[in-house]
Amino acid sequence: MTLRLYLWGMKLSTVLAIIAWGLVIYYIDPENSGFIGQILFYSSFYLVLTGIFTLIFTLIRKKLADQDTAAFYLGTNFRQGALVALLAIILLLFQSLRILTWWDGLLVVAGIFIIELYFLNKSKTKE
């Protein structure tokens with residue numbers, strides 16, 4: 001799979017996720033629809049954020065390095081995009097539950113950072 005084809009597919013997936021998220025916001029009130037409405041809201045927003053962050057990280061690598069390096073790191077870009085999206089969703093969920101404080105946010109950031117360090121260390125030992 002070429003980098004161009006991957007980016008095209010990721011852009012299309014992100015647009016579809018944005019449409020799905022918009023439909024959830026328009027047709028389902030997450031506050032009044034209960035648990036299912038909130039699950040649909042957060043999961044569709046997670047897909048939107050994952051697509052956006054993955055595209056941003058891929059474009060940054062493409063600008064900073066050559067085409068082959070950007071294509072080599074597609075899996076890493078996707079993982080990092082998914083982790084940053086997970087960070088945003090957890091913080092948003094904590095805020096909606098009114099339990100977000102600055103130290104809770106730092107603990108979530110530290111947890112995501114440790115997960116990323118684990119994957120980076122695992123890939124280094126694999127080589």
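Bear in mind that the values in this text are calculations on the coordinates, not laboratory data. Predicted, not measured: the structure shown is a model, and the values here were computed from it. In this analysis, Cβ positions are derived from the backbone assuming ideal geometry, glycine residues included, and neighbour counts consider all displayed protein chains.
Quick notes on this one:
- Rounded to the nearest 10 degrees, the inclination of helix 34-64 to the longest alpha-carbon principal axis of the chain is 20 degrees.
- Cα principal axis extents for segment 3-126, largest first, Å: 48, 34, 23
- Karplus-derived 3J(HN,Hα), 6.51/-1.76/1.60, for each residue of segment 85-91, Hz, glycine and proline x: 5, 4, 4, 5, 5, 5, 5
- Estimated vicinal HN-Hα couplings, Hz - segment 110-125 in sequence order (Karplus 6.51, -1.76, 1.60; Gly, Pro = x): 5, x, 5, 4, 5, 4, 5, 4, 4, 5, 5, 5, 5, 6, 5, 6
- Its Cα gyration tensor gives segment 57-127 an equivalent ellipsoid, and the semi-axes of that ellipsoid, as √(5λ) in whole Å with the largest first, are 29, 15, 8.
- For segment 34-115, trypsin sites (Lys or Arg not before Pro) meeting the loop criterion (DSSP other than H, G, I, E, B) and having at most 13 other Cβ atoms within 10 Å: Arg98.
- Cross-link partners for Lys11 among the lysines, with Cα-Cα distance under 22 Å and sequence neighbours closer than 8 places in the same chain left out: Lys62, Lys63.
- Histogrammed with a bin width of 10 Å, the alpha carbon distances of segment 1-68 distribute as 21, 39, 22, 13, 4 percent, first bin at zero.
- For segment 4-43 versus segment 61-106, the inter-centroid distance based on Cα atoms is 17 Å.
- Rounded to the nearest Hz, the phi-derived 3J(HN,Hα) couplings of segment 8-14 under the Karplus curve 6.51 cos²θ - 1.76 cosθ + 1.60 (θ = phi - 60°) are 5, x, 5, 5, 5, 5, 5, where x marks glycine and proline.
- Most fluctuating residue given options Leu86, Leu64, Leu49, as computed from a GNM of the chain linking Cα atoms under 10 Å: Leu64
- Segment 85-125: translational diffusion in µm²/s, Stokes-Einstein, Kirkwood Rh over Cα pairs, 20 °C, 1.002 mPa s: 195 µm²/s
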